[in-house]
Amino acid sequence: GTNVTSAELQVVHAKNLADLAEKQMRVAMHAKDEESLVPGESLEVNPVPITGNVRAYIDEALSARMEVRSIDANAAAAEQQAKAAFAGQLPVVSGVADLIYANPNSRLFPPTQEWFPTWDAGVRITWSPNDTFVGGYNVTDLKARAAQLAAQRGTLRDNVEIEVTQAFNNVRESDVSLTSAKTELESAEEA
């Protein structure tokens, strides 16, 4: 009697887990309750055991996952913004040049009624003390933002490595578990 009751409890527990797993799958896929969920491939054939090393899978995940690529781009952009803000504090050196070919040419003295070319060249240095003082705060803020994104990037990469390693280990464990279950089933059928 107690073995039967225990077995019935295990059956109900297994059905509850199956219902929960189906609900989680529907939520993840945004599938409606009336949609039929069926396996995409046969469950009768053993899947090919996982091959390769976990480092290759980690490298693939780090290069392919959009959130990693996004935070890499954001961190690089923040670093460039900090550099641009720092450059805004510095004096600006510009080269200038003019070529005038005019009739009358205002640079010719005394003015005449003939076409005459003149030119000039120079260097201009401009600097704003206000930009220097205000820019210092912007540079500090942007450097802090870049450092924050770099730290988040490191954390995200670490999490991806852990996630891929766990998935890789789970697949290896499942491969062994599947082989073990088939062996137990064959033994049970023979018995």
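The values are calculated or read from the model by the stated rules, or taken from the named source; none is laboratory data. Everything numeric here is computed off the predicted structure, so don't read it as measured data. Please note: Cβ atoms are built from the backbone with ideal geometry, for glycine as well, and neighbour counts cover all protein chains shown. Note: areas computed on protein heavy atoms with side chains; ligands, DNA, RNA excluded. Shrake-Rupley method; radii C 1.70, N 1.55, O 1.52, S 1.80 Å.
With the condition kept exactly as written, say whether any residue in the range 43-58 is open to solvent by 50 Å² or more (accessible area, probe 1.4 Å) and more than 30 Å from ALA181 (Cβ to Cβ).
Scanning the range 43-58 turns up no residue that is open to solvent by 50 Å² or more (accessible area, probe 1.4 Å) and more than 30 Å from ALA181 (Cβ to Cβ).
Would you be able to say whether some residue in the range 150-160 is within 29 Å of VAL93 (Cβ to Cβ), assigned to a helix (DSSP H, G or I) and not aliphatic (A, V, I, L, M)?
no
Restricting attention to the range 68-113, report how many residues are open to solvent by less than 50 Å² (accessible area, probe 1.4 Å) and touching a residue at least 40 places away in the same chain (Cβ under 8 Å).
Of the residues in the range 68-113, 9 are open to solvent by less than 50 Å² (accessible area, probe 1.4 Å) and touching a residue at least 40 places away in the same chain (Cβ under 8 Å).
Filter the range 1-34 down to the residues that are acidic (Asp, Glu) and surrounded by 10 or more Cβ atoms within 10 Å (Cβ to Cβ), then identify the one that is nearest to the chain's Cα centre (by Cα).
Quick first cut of the range 1-34, residues acidic (Asp, Glu) only: 8, 19, 22, 33-34.
Filter again for surrounded by 10 or more Cβ atoms within 10 Å (Cβ to Cβ), leaving 8, 19, 22.
On the way: GLU8: 48, ASP19: 34, GLU22: 30 Å.
Within the range 1-34, the match that is nearest to the chain's Cα centre (by Cα) is GLU22.
Is one or more of the residues making up the range 120-132 assigned to a helix (DSSP H, G or I), closer than 27 Å to SER94 by Cα, open to solvent by 80 Å² or more (accessible area, probe 1.4 Å) and not hydroxyl-bearing (Ser, Thr, Tyr)?
yes
Identify the residue in the range 164-191 that is open to solvent by 90 Å² or more (accessible area, probe 1.4 Å) and of a type in the set (D, E, K, R) and, among all such residues, is farthest from ALA85 (Cα to Cα).
Across the range 164-191, the extreme among qualifying residues is GLU190.
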